[in-house]
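Report on one structure; see the data block that follows.
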Amino acid sequence: MIRWLFVAATLALTACSPLAAQTIAIRTADTPEARPPTTADHVELVLGMAPTRPYTVLGVVAVESHFKDDPLALLRAGGARLGADAVMRVRLERVPGGVSTRGVAIAYVAAPH
């Protein structure tokens, strides 16, 4: 009986404890080459329309976070791991216990002279 109470208490505490936020950054197959990482404060979020500057797609960034986390900061950090200048097509969705955030990491390209 004590053993079952211990198992039940352990499961209850595990279910209530917060998990760390998960960030996945996946480079696309058509990206010409890997870029060196940037810093999160370098990565801008492009909300609404697509950027007016020419760009290339680096990959997709997805974040599963809890309400206490800043999902946009985590999204920028994921973009920075791919060497992004910005993350566009940002989507936020409420999920049980937190927020799911996704976006497309891009790098600006120099306009031809």
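The values are calculated or read from the model by the stated rules, or taken from the named source; none is laboratory data. Values in this document were obtained by computation on a predicted structure and should not be read as measured data. Cβ sites come from the backbone with ideal geometry, for glycine too, and all protein chains shown count toward neighbours.
Answer yes or no as to whether residue 103 is under 9 Å from the mean Cα position of the chain (by Cα), surrounded by 18 or more Cβ atoms within 10 Å (Cβ to Cβ) and not hydrophobic (A, V, I, L, M, F, W, C).
Taking the combined requirement at face value, the residue satisfies it.
Take region 58-99 and flag every residue that is more than 18 Å from residue 44 (Cα to Cα), out of contact with any Ser or Thr (no Cβ under 9 Å at 6 or more places or on another chain) and among the charged types (D, E, K, R).
Within region 58-99, 68, 69 qualify.
Which is modelled with pLDDT of 85 or more, β-branched (Val, Ile, Thr) and either exposed (fewer than 10 other Cβ atoms within 10 Å of the Cβ) or not in a helix (DSSP H, G or I) (or both), of 56, 31?
Within the list 56, 31, the selection yields 56.
Identify, please: which residue in region 68-92 is among the aliphatic types (A, V, I, L, M) and assigned to a loop (DSSP other than H, G, I, E, B) and is, among those, surrounded by the fewest Cβ atoms within 10 Å (Cβ to Cβ)?
82
Conditions first: (1) within 15 Å of residue 24 (Cα to Cα); (2) touching a strand residue (DSSP E or B) at 6+ places or on another chain (Cβ under 8 Å); (3) not aromatic (Phe, Trp, Tyr). Residue 40 passes all but one, so which condition is the exception?
Result: residue 40 fails condition (2) only.
Exactly one condition in (1) under 8 Å from the mean Cα position of the chain (by Cα); (2) free of Cβ contacts under 8 Å to residues at least 24 places away in the same chain is false for residue 92; which is it?
(1)
Pick out the one residue from 102, 89 that is of a type in the set (Lys, Arg) and at positive phi.
So the residue among 102, 89 that is of a type in the set (Lys, Arg) and at positive phi is 89.
May I ask you to list pairs of residues, at least six apart or on different chains, whose Cβ atoms are under 6 Å apart, with the first in region 100-113 being within 23 Å of residue 70 (Cα to Cα) and among the charged types (D, E, K, R) and the second being assigned to a strand (DSSP E or B) and at pLDDT 80 or above?
Short answer, once both residue conditions are applied: 102/62; 102/91.
So if I check each of 65, 17, which one is surrounded by 15 or more Cβ atoms within 10 Å (Cβ to Cβ), modelled with pLDDT under 90 and farther than 14 Å from residue 84 by Cα? Outline the logic, then answer.
Values: 17 fails: surrounded by 15 or more Cβ atoms within 10 Å (Cβ to Cβ).
Only one candidate qualifies: 65.
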